[in-house]
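Inspection log for the structure reproduced underneath, given as structure tokens.
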Ligand code: UDP
């Protein structure tokens, strides 16, 4: 199910003819009724540009939408996994971030519609578990990238690759010292499936623990694309976390999961994908 708010449906086209596959075009803020054994609730735009463009809708997706999917899970006794986020830690004061950290979140800033929406979604998951015994799993997903990602959603890896490929200067927000930790998409997918099939009901961080500054990321992408681009410094957006790095001790010990794809290899694959898309393939 997808309302195609931030995509065209192109990514699911290869599955369209597979036996057992079906697609419903619907917004999860509209009540739904699906008898599923497993539900992965991945709904909600994740790029700051997208989720801030209609903040009230973002909150509705994470709050009303989450109630709707939890209700259908409750009705059919489905196991349900919430795609939560590292954003629930806000601008963290603890590094790396363990699941026990309660976070440092601005409740009224531009990122709050996403951060507080996702925090409320976690609250709903645990209340549905306590009150109605719904079988829940909660993954806290850190920055993820790879083929299939949106082309123009303003996130850093997409921006830098597009800029490098077109010879434009890479837009570094702030002084380039702020960090993120990027997980390749195939690692994230295996982590989500592992968690879904495990007995772990507490929140679990999923992400790649390699922390990198945005200026270093810009250099990597310029080198990998063989670009002649430079960098240009622009103001840092409001409440942009200075550092983000997952503590994945729990995922390693209890899921036997650890990311396998190195940043260089993942970026090279993503650059290939962007080139193919730019060529209209
Ligand atoms: N960023 C940047 N240049 C860009 C886009 C993003 O320097 O063109 C920075 C942004 O300020 C943030 C980091 O890259 O510190 C990651 O941003 P992104 O929007 O990808 O995701 P976030 O982790 O902030 O949700």
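What follows draws every value from the coordinates through simple rules; no lab data is involved. What you see is a predicted model; the values in this text were computed from it and never measured. Glycine gets a Cβ as well: all are built from the backbone with ideal geometry, and neighbour counts include every protein chain shown.
Things to note:
- Restricting the search to helices (runs of 4 or more DSSP H) fully inside the stretch 135-242 and requiring at least 3 residues that are farther than 30 Å from residue 99 by Cα gives 156-165, 214-225.
Conditions tested, residue by residue: (1) in a helix (DSSP H, G or I); (2) touching a strand residue (DSSP E or B) at 6+ places or on another chain (Cβ under 8 Å); (3) more than 19 Å from residue 87 (Cα to Cα).
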{"site": "21", "(1), (2), (3)": "no, no, yes"}
{"site": "30", "(1), (2), (3)": "no, no, yes"}
{"site": "46", "(1), (2), (3)": "no, yes, no"}
{"site": "61", "(1), (2), (3)": "yes, no, no"}
{"site": "70", "(1), (2), (3)": "yes, yes, yes"}
{"site": "73", "(1), (2), (3)": "yes, yes, yes"}
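- In the stretch 139-169, the qualifying residues are those that are near the ligand (Cβ under 7 Å from one of its atoms) and within 24 Å of residue 228 (Cα to Cα), and the one that is surrounded by the most Cβ atoms within 10 Å (Cβ to Cβ) is 160.
- Test result for residue 174, surrounded by fewer than 16 Cβ atoms within 10 Å (Cβ to Cβ), in contact (Cβ under 8 Å) with a residue 12 or more places away in the chain and on the phi > 0 side of the Ramachandran plot: yes
- Qualifying residue in the stretch 245-257 (condition: within 16 Å of the chain's Cα centre (by Cα) and under 23 Å from residue 45 (Cβ atoms)): yes
- Scanning the stretch 105-138 for residues that are more than 14 Å from residue 66 (Cβ to Cβ), away from the ligand (no atom under 15 Å from the Cβ) and in contact (Cβ under 8 Å) with a residue 12 or more places away in the chain returns a single hit, 135.
- Qualifying position, being outside any helix (DSSP H, G or I), exposed (fewer than 15 other Cβ atoms within 10 Å of the Cβ) and within 21 Å of the chain's Cα centre (by Cα), among 81, 4: 4
- Residue check, residue 91 closer than 18 Å to residue 205 by Cβ and out of contact with any helix residue (DSSP H, G or I) (no Cβ under 9 Å at 6 or more places or on another chain): yes
- Only one of 261, 204, 231 that is at negative phi, within 16 Å of the ligand (Cβ to nearest atom) and surrounded by 15 or more Cβ atoms within 10 Å (Cβ to Cβ): 231
- Among (1) within 12 Å of the ligand (Cβ to nearest atom); (2) on the phi < 0 side of the Ramachandran plot, the one test that residue 197 misses: (1)
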